[in-house]
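Structure first, commentary second.
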Amino acid sequence: MRILVTGGAGFIGSNLIQRLLLNKENKVFNLDKMGYASSTKSIDNLLANINSKSLGKYEFLNVDLENKLDTQNALDYVFPDLIMHLAAESHVDRSIDRPDSFIASNIIGTFNLLESSRKIWRNFDKKKKSTFKFHHISTDEVFGSLGKTGSFSEETPYKPRSPYAASKASSDHLVLSWHHTYGLPVVLSNCSNNYGPGQFPEKLIPLTIYKAYRNQSIPLYGDGENVRDWLFIDDHIDALLLVAKQGVIGESYCIGGQGEKSNKNVVLEICKIMDKIIPFNAPHKKLISYVSDRPGHDKRYSINPSKIKKELGWKSKYTFREGLEKTVHWYINNLEWYEKTITSKEYNFERLGNKL
Ligand code: NAD
Ligand code: TDX
């Protein structure tokens, strides 16, 4: 199986590739532009530490999907049986400060990838054409914001409210239209908030771990009562592998572990874990600082995962507490990587998304 993963040097993509490489029948191509949030360290570690005979084959392609010709050349070279498209600018706060790169990567990049895929797919032989799949990985943010009740499902109308969410919604529409118009065999998934090892520390959970560990103030936007539906990365990877293998062409699947929590409760749980690890700084909750709200801040996300559970047999394995313990320990053990990565990317743990 020749698998092209776009955005494979990002948080979810690098965890996905590590899993795909455990099947030695796979040849995995990682296409990434190596942006500020990229690292292939975890993949390189896996390849260095495990007997290569028991792993799949791996190749890295330094390509920016904004470049049409490079994208086409990469597709011609890879000649994939499966594409898993994760490459995107992914941070809501950055999309507020500088929406340009979100339009370029998430919309134009997806368009270039779709066109290149269509060109190679229509020349495949009958067998390869009938088994090929383009799996587009998207987010629950395309559905907008919920009130106190209700959940998003595959039937929920799109109502994106941030530049990030709007660019992802556009990419979802492009992908589905390439299926309806040209017959490209696509499948989509829309997942809730992920957390786990390797997430760039601009996002709430790794940022809080870092700030608590360094005994610095932990910023909570607004009143801290906005709700996210958290899913541990390994559970998302399980779901992605099922959708890629068994998902019905033209369908989309909502993925979420029914792990709703307010931001304040997430931060308090991290503080409790830190109190055990560094008792002399306890209680870490004293570090919480309420700061001005994110503009257009979505109030609540919640996924109804009935379809993927019933039709593909997926279910989440990790409780929030289990996933969080693993995540905190990973960050603490990788603090050196963590700080080196950040300083080399010119990110200083500063507040983003409030320069209106
Ligand atoms: P990330 O920011 O950690 O990684 C994204 C990767 O894509 C980076 O390595 C970046 O260099 C690459 N990329 C961006 N633009 C590119 C381009 N033009 N050409 C080539 N590579 C490019 O993001 P993530 O959290 O791993 O998210 C991956 C995907 O999953 C995204 O599409 C995101 O919308 C989606 N998603 C994320 C979450 C989450 O909670 N993190 C939840 C649901 C869906
Ligand atoms: O310092 C912070 N303080 C704070 O209160 C940060 C960085 C965030 N927040 C709040 C904003 C959100 O309500 O925490 C919540 C989570 O924020 P992020 O980690 O930035 O994630 P979110 O905006 O919910 O988007 C994430 O989930 C869906 C990913 O970044 C997206 O890529 C994914 O599609």
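The values are calculated or read from the model by the stated rules, or taken from the named source; none is laboratory data. Remember, it's a predicted structure, so these values are computed and weren't measured experimentally. Methodologically, a virtual Cβ is constructed for each residue, glycine included, from the backbone with ideal geometry; neighbour enumeration extends over all protein chains shown. When the accessible area is computed, the model is the full protein with side chains, heavy atoms only, and any ligands, DNA or RNA have been set aside. Shrake-Rupley method; radii C 1.70, N 1.55, O 1.52, S 1.80 Å.
Restricting the range 127-145 to residues that are part of a loop (DSSP other than H, G, I, E, B) and within 16 Å of ligand 1 (Cβ to nearest atom), which is most open to solvent (accessible area, probe 1.4 Å)?
Of everything passing the filter in the range 127-145, Ser145 is most open to solvent (accessible area, probe 1.4 Å).
Can you tell me which of (1) over 27 Å from Lys355 (Cα atoms); (2) surrounded by 20 or more Cβ atoms within 10 Å (Cβ to Cβ) is the one Ile278 doesn't meet?
Single failed check for Ile278: (2).
With (1) among the β-branched types (Val, Ile, Thr); (2) within 19 Å of the chain's Cα centre (by Cα); (3) away from ligand 2 (no atom under 16 Å from the Cβ) as the list, and Ile107 as the residue in question, which single condition is left unmet?
Here Ile107 meets the rest and fails (3).
Please tell me if Thr156 is in a loop (DSSP other than H, G, I, E, B), β-branched (Val, Ile, Thr) and surrounded by fewer than 21 Cβ atoms within 10 Å (Cβ to Cβ).
It is true that Thr156 is in a loop (DSSP other than H, G, I, E, B), β-branched (Val, Ile, Thr) and surrounded by fewer than 21 Cβ atoms within 10 Å (Cβ to Cβ).
Could you run through the range 317-334 and say how many residues are touching a residue at least 12 places away in the same chain (Cβ under 8 Å), out of contact with any Pro (no Cβ under 7 Å at 6 or more places or on another chain) and surrounded by 14 or more Cβ atoms within 10 Å (Cβ to Cβ)?
Number satisfying all stated conditions: 9.
For Phe200, state whether it is crowded, with 22+ Cβ neighbours inside 10 Å, of a type in the set (Phe, Trp, Tyr) and within 20 Å of Asn15 (Cα to Cα).
no
Return the residue satisfying two criteria in turn: it lies in the range 257-271 and is touching a helix residue (DSSP H, G or I) at 6+ places or on another chain (Cβ under 7 Å), within 15 Å of ligand 1 (Cβ to nearest atom) and farther than 8 Å from Thr208 by Cβ, and of such residues it is most open to solvent (accessible area, probe 1.4 Å).
Selected residue: Lys261.
In the range 175-184, is there at least one residue being assigned to a loop (DSSP other than H, G, I, E, B), under 27 Å from Met1 (Cα atoms) and either open to solvent by 10 Å² or more (accessible area, probe 1.4 Å) or near ligand 2 (Cβ under 9 Å from one of its atoms) (or both)? Before you say what the answer is, go through the steps one by one.
Step one: list which residues in the range 175-184 are assigned to a loop (DSSP other than H, G, I, E, B), which gives 183-184.
Applying the additional criterion that residues be under 27 Å from Met1 (Cα atoms) yields 183-184.
Cutting the leftovers down to either open to solvent by 10 Å² or more (accessible area, probe 1.4 Å) or near ligand 2 (Cβ under 9 Å from one of its atoms) (or both) gives us 183.
Among the residues of the range 175-184, at least one is assigned to a loop (DSSP other than H, G, I, E, B), under 27 Å from Met1 (Cα atoms) and either open to solvent by 10 Å² or more (accessible area, probe 1.4 Å) or near ligand 2 (Cβ under 9 Å from one of its atoms) (or both), which makes the answer yes.
Go through the range 318-350 and count every residue that is at pLDDT below 95 and in a loop (DSSP other than H, G, I, E, B).
7
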